[in-house]
Amino acid sequence: MSLEIERKFLVKNEDYKKDSSSKKYIKQGYLNSDKNRTVRIRIADEKAFITIKGKSNATGTTRFEWEKEIKKEEAESLFLLCEPSIIEKKRHLITVNKHTFEVDEFFGDNQNLVIAEVELSSENEAFLRPNWLGKEVTGNVKYYNSSISKNPFKNWK
């Protein structure tokens, strides 16, 4: 079983863009967005994936994750079966010390939402916080991509 350990943050300014080493365009949809399990289809540039994620632990940092690369054509077909509201975003990769932050800049109904994630090897692993990193939202289901697909940022008050 593969576990994903990550922390999630809001981004408070655009300083991250100058530190970005690469970026990719991502389109993703959900075949299932149940709180106990999600099944996601994603195309990142020219590669496509199907991903299954389990329910997060009590702290929101750790959960089961299984991912397999699939053909891009298969992913395009599976998008037709996805729940409404496909997510589109640009992902910036930024290395800070020994960690890589994935900063997602959302488009469409989620325009102006920017979220950073950092994967860790343990829940208590220390990491250097860049100046553009804002409020921590780890474990806040509202900021999960599966939730954003159902309740987009444009509807938040």
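The values are calculated or read from the model by the stated rules, or taken from the named source; none is laboratory data. In this text the structure is predicted, and so the values were computed from the model without any measurement. Because the Cβ atoms are built from the backbone with ideal geometry, glycine has one as well, and the counts that use them run over all protein chains shown.
Take Lys71 and tell me if it is among the charged types (D, E, K, R) and in contact (Cβ under 8 Å) with a residue 40 or more places away in the chain. When the stated conditions are applied, Lys71 does not pass them. Take the conditions (1) at pLDDT below 95; (2) β-branched (Val, Ile, Thr); (3) assigned to a strand (DSSP E or B); Thr95 misses just one of them, which is (1). Among the residues making up the range 116-130, a single one is surrounded by fewer than 16 Cβ atoms within 10 Å (Cβ to Cβ) and not in a loop (DSSP other than H, G, I, E, B): Glu119. When we screen Leu113, Leu133, Leu80 for residues that are surrounded by fewer than 17 Cβ atoms within 10 Å (Cβ to Cβ) and either over 20 Å from Asn36 (Cα atoms) or touching a Phe, Trp or Tyr at 6+ places or on another chain (Cβ under 6 Å) (or both), the only hit is Leu80.
Contact map, the range 87-111: residues that are closer than 16 Å to Gly29 by Cα and touching a residue at least 40 places away in the same chain (Cβ under 8 Å) paired with residues that are of a type in the set (Ser, Thr, Tyr) and in a strand (DSSP E or B), Cβ distance under 6 Å, separation 6+ or inter-chain. Pairs shown: Lys90/Tyr25. Looking only at residues in the range 98-112 that are part of a loop (DSSP other than H, G, I, E, B) and not hydrophobic (A, V, I, L, M, F, W, C), the one that is farthest from Lys17 (Cα to Cα) is Lys98. Looking only at residues in the range 55-77 that are assigned to a loop (DSSP other than H, G, I, E, B) and loosely packed, with under 11 Cβ neighbours inside 10 Å, the one that is modelled with the highest pLDDT is Lys71.
Total residues in the range 79-92 satisfying the condition of being outside any loop (DSSP other than H, G, I, E, B) and either over 28 Å from Asn140 (Cβ atoms) or acidic (Asp, Glu) (or both): the figure is 1.
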